[in-house]
Amino acid sequence: MAAVSEYKKIVFQLKAPAAKEVILTGDFILWNSKGLRMKKDTDGVWKTAVNLKPGSYEYKFLVDGAWQIDPSNSALRNNQLGSENSVKTVN
């Protein structure tokens, strides 16, 4: 019997039609500033999918070089830099 994958495909998205580049980064990739490049659809929504195990993850978007929390997610956690990170919980 095959093992069931513990990972779930989680889609991150940000509406930013005027942005030239949006990068997702977070503790699930050790806050790598090169992060995961997101792709913009015709509606100006940037998207990328990440496979994550169940747990709680902090993340932010890097929009044209400026850090931004996820405006569609009210779950926030204070960080060590005096600002906040968005929090995604995977069940």
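No lab work stands behind these numbers, since they all come straight from the coordinates. What you see is a predicted model; the values in this text were computed from it and never measured. All Cβ positions, even for glycine, are placed from backbone atoms using ideal geometry, and neighbour counts span all protein chains on display.
Distant-in-sequence amide contacts of N79, defined by a placed amide H-H separation under 5 Å and a gap of 5 or more residues or a different chain, comprise E84, N85. With only Cα atoms counted, the chain has Rg and Dmax values of 13.7, 49 Å.
Here K40 is the anchor, and the lysines within straight C-alpha reach of less than 23 Å, apart from those fewer than 8 places off in the same chain, are K8, K9, K15, K20, K60, K88.
Let me spell out the model: positive unit charges on the Cβ of Lys and Arg, negative unit charges on the Cβ of Asp and Glu, origin at the Cα centre of the chain. What dipole size does that give, in debye rounded to 20? Don't skip to the answer; put the middle values down first.
Details: 13 positive and 9 negative charges, 45 e Å.
Using only the charged Cβ atoms, the result is roughly 220 debye.
Checking every one of the chymotrypsin sites (Phe, Trp or Tyr not before Pro) in the stretch 10-91 against DSSP loop status and a limit of 16 other Cβ atoms within 10 Å picks out W31.
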